[in-house]
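In what follows, a structure is listed as structure tokens, so that the remarks can point back to it.
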Amino acid sequence: MRDTEARDRLAAIYDECAPRVYAYAVRHCGPVDADDVIAETFAVAWRRIDVVPEPAIGWLIVTARNVVNGRRRADRKHLELAGLAAETTRPDEPAAEDVAVRRREVLDALDSLSEREREALLLTAWDGLDHAAAAAVAGCSTRAFRARLMRARARLTAHLSETRTPERNPA
């Protein structure tokens, strides 16, 4: 592949996929490190442009996951602080009490899931991956991923149903 073709292909892939890869990076390492993860992910894509498949999003998210995991191994303490900073709400952002309560309920429900179940939900709901691409990211078969996702949805729904109080759950 010629340099100009490779540059054009990378630019097209970046324009299409960068927001979703960025969202994945923010979720896994916080906004402070997300730009670095994006830069490293697309640097790998540039070096390996001839093997980046179409569609590229699954491959890019796997690459981003590998970058994040490498950064965690290299600097776990720094990532813990970035995660705390990402979870802290800004005091100048007003939030309605009901929105805050519901957000807490959803976060608690997500915390009640296993790491694999949580990953299955987030890869499909947040990152917008289809089952095949999400299965590749999760490192399992599509069938196993679908089963994991179905269990995760059922457990999340059950947990949310249990925690809803009557005044917020109109009958």
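Quick notes
- With DNA, RNA and ligands ignored, accessible area of residue 40 (1.4 Å probe; Å², nearest 10): 70 Å²
- Net charge of neighbours whose Cβ lies under 12 Å from the Cβ of residue 153, counting Lys and Arg as +1 and Asp and Glu as -1: +4
- The stretch 99-143 and the stretch 4-32 have Cα centres lying 20 Å from one another.
- Relative contact order %, the stretch 1-55, counting alpha carbon pairs below 8 Å whose residues are six or more apart: 40 percent
- Rounded FRET efficiency, nearest 0.05, which uses the C-beta distance separating residue 131 from residue 108 and R0 of 25 Å: 0.40
The values are calculated or read from the model by the stated rules, or taken from the named source; none is laboratory data. The model shown is predicted, which means the values in this text are computed figures rather than measured ones. No Cβ is skipped: glycine too gets one built from the backbone with ideal geometry, and neighbour counts run over all protein chains shown. For accessibility, only protein heavy atoms count, side chains too; no ligands or nucleic acids. Shrake-Rupley method; radii C 1.70, N 1.55, O 1.52, S 1.80 Å.
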